[in-house]
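The values are calculated or read from the model by the stated rules, or taken from the named source; none is laboratory data. Treat the numbers as computed from the prediction; the structure is a model and nothing was measured. Cβ sites come from the backbone with ideal geometry, for glycine too, and all protein chains shown count toward neighbours.
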Amino acid sequence: MTTPTSLSPAPLAAARVLWAKVDTGFWVAHRGGEYFGCVDQVAGGFVSRDAHGVPVGRYDTLHTAKASVRSTTHPANVSRRSRFERATVLTATGVGGTTLALALTAGALAPYL
């Protein structure tokens, strides 16, 4: 009697990155059937973004921009992403605090209007 063998899917890290040009000056990467990042042509170069939409960097050539998306686990990219996320949290906190202060001030002044 033979036992069925199950084929395990290839790990995502080993999956090949496939690029598609979806618009003029815009390329999208897929890896293992999932969105992996993109490269957008801008004046003077190319901007790459990782799978979360976080900018990886600005590059002179399309080849280096595409390569940067594939290396988003590089320590420089990881630290850049954490700095970006930290700045986003600080900005959101500041805006939220300002909004709360304005709402409290409006509520306090409303009886006098």
Exercise. For Ser48, state whether it is modelled with pLDDT under 90 and either of a type in the set (Phe, Trp, Tyr) or within 18 Å of the chain's Cα centre (by Cα) (or both).
Key: no
Quiz prompt | Selected residue (criterion: surrounded by the most Cβ atoms within 10 Å (Cβ to Cβ)) from residues of the range 16-48 that are of a type outside the set (Lys, Arg) and outside any strand (DSSP E or B) | solution = Gly32
Exercise. Considering each residue of the range 41-68, count those that are in contact (Cβ under 8 Å) with a residue 24 or more places away in the chain and basic (Lys, Arg), and give that number.
Key: 1
